[in-house]
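S.K.: Quick one: the structure is below, questions incoming.
The values are calculated or read from the model by the stated rules, or taken from the named source; none is laboratory data. Being a predicted model, the structure only gives us computed values, none of them experimental. All Cβ positions, even for glycine, are placed from backbone atoms using ideal geometry, and neighbour counts span all protein chains on display.
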Amino acid sequence: MFRRLFDRNKSDGPAILGTEPRATVGLRVTYVQCANVRDLHPGEIKPVRVRGGHELALAIIDGRVHAFEAYCPHQAWPLKWSEAETGADGTPNLICGLHGWRFCLDTGVTIDPPSMDDLGVYPTRVTDGVVYVGLPGVM
Ligand code: FES
């Protein structure tokens, strides 16, 4: 029973899927391994360090893994201390824990306050319980 709970994607549990943010469609990326699905939990933000030392954060919203910069573009607050949720319009949102800026994780655009610095977002894939994030360029 315990194994079934944490072995999603390898059992008949709810499948966790990747994402392709609109902000990254058409960009050339290289997918690198960054986490195991079993280490991600809805409602929590997981900081990860990927190849090259790049720091990102991951969140599961509505069964999809979202990847984004680890620090807020406003005053560099660690976004592991933020909230991920589905917005009123159905888009995945992130709310910074320091001043409450709200970002759309599909576009990286700052929703509230509008027209401020955007958040870097990255595509993800999930294969056999492993999360891969797409980094710009070819490595
Ligand atoms: S540091 Fe994130 S909103 Fe200010």
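S.K.: Residue by residue through the range 66-82, note down the ones that are under 17 Å from residue 133 (Cβ atoms) and near the ligand (Cβ under 9 Å from one of its atoms).
M.R.: 71, 79
S.K.: What is the residue count in the range 45-61 for residues that are modelled with pLDDT under 95 and either closer than 16 Å to residue 93 by Cβ or among the hydrophobic types (A, V, I, L, M, F, W, C) (or both)?
M.R.: Summing the residues that are modelled with pLDDT under 95 and either closer than 16 Å to residue 93 by Cβ or among the hydrophobic types (A, V, I, L, M, F, W, C) (or both) in the range 45-61 gives 1.
S.K.: Can you give me the number of residues within the range 92-101 that are within 19 Å of residue 46 (Cβ to Cβ) and either of a type in the set (Asp, Glu) or surrounded by 19 or more Cβ atoms within 10 Å (Cβ to Cβ) (or both)?
M.R.: Total satisfying the criteria: 4.
S.K.: Being in a loop (DSSP other than H, G, I, E, B), surrounded by fewer than 20 Cβ atoms within 10 Å (Cβ to Cβ) and not hydrophobic (A, V, I, L, M, F, W, C) is the filter here; which residues of the range 116-137 pass it?
M.R.: Correct list: 117, 118, 120, 128, 129, 137.
S.K.: Here's a follow-up. Filter the range 34-57 down to residues that are in a strand (DSSP E or B) and among the aliphatic types (A, V, I, L, M) and give me whichever is nearest to residue 100 (Cα to Cα).
M.R.: Step one: of the range 34-57, the residues in a strand (DSSP E or B) are 34-36, 45-49, 55-57.
Next cut, among the aliphatic types (A, V, I, L, M) only: 35, 45, 48, 56-57.
Working: 35: 27, 45: 15, 48: 22, 56: 19, 57: 17 Å.
Looking at residues that are in a strand (DSSP E or B) and among the aliphatic types (A, V, I, L, M), I get 45.
S.K.: Filter the range 83-101 down to residues that are in a strand (DSSP E or B) and within 8 Å of the ligand (Cβ to nearest atom), then give me how many there are.
M.R.: Counting residues in the range 83-101 that are in a strand (DSSP E or B) and within 8 Å of the ligand (Cβ to nearest atom) gives 1.
S.K.: Does the range 102-115 contain at least one residue that is surrounded by fewer than 16 Cβ atoms within 10 Å (Cβ to Cβ), of a type in the set (Asp, Glu), away from the ligand (no atom under 14 Å from the Cβ) and without any contact (Cβ under 8 Å) to a residue 60 or more places away in the chain?
M.R.: Within the range 102-115, none of the residues are surrounded by fewer than 16 Cβ atoms within 10 Å (Cβ to Cβ), of a type in the set (Asp, Glu), away from the ligand (no atom under 14 Å from the Cβ) and without any contact (Cβ under 8 Å) to a residue 60 or more places away in the chain.
S.K.: Then there is this: Go through (1) modelled with pLDDT of 50 or more; (2) exposed (fewer than 13 other Cβ atoms within 10 Å of the Cβ); (3) not hydroxyl-bearing (Ser, Thr, Tyr) one by one and return the number of the condition residue 5 breaks.
M.R.: Just one mismatch for residue 5, condition (1).
To keep it simple, each residue is scored yes or no on (1) of a type outside the set (Asp, Glu); (2) buried (at least 19 other Cβ atoms within 10 Å of the Cβ); (3) in contact with an Asp or Glu (Cβ under 8 Å, 6 or more places away or on another chain).
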{"residue": "21", "(1), (2), (3)": "yes, yes, yes"}
{"residue": "24", "(1), (2), (3)": "yes, yes, no"}
{"residue": "35", "(1), (2), (3)": "yes, yes, no"}
{"residue": "42", "(1), (2), (3)": "yes, no, no"}
{"residue": "62", "(1), (2), (3)": "no, no, no"}
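S.K.: Follow-up. Return yes when residue 89 is exposed (fewer than 14 other Cβ atoms within 10 Å of the Cβ) and free of Cβ contacts under 8 Å to residues at least 24 places away in the same chain and no when it is not.
M.R.: Considered against the rule, which asks whether it is exposed (fewer than 14 other Cβ atoms within 10 Å of the Cβ) and free of Cβ contacts under 8 Å to residues at least 24 places away in the same chain, residue 89 comes out as yes.
S.K.: Something else: Please go through (1) away from the ligand (no atom under 16 Å from the Cβ); (2) part of a loop (DSSP other than H, G, I, E, B) for residue 60 and return the number of the only condition it doesn't satisfy.
M.R.: Residue 60 satisfies every listed condition except (2).
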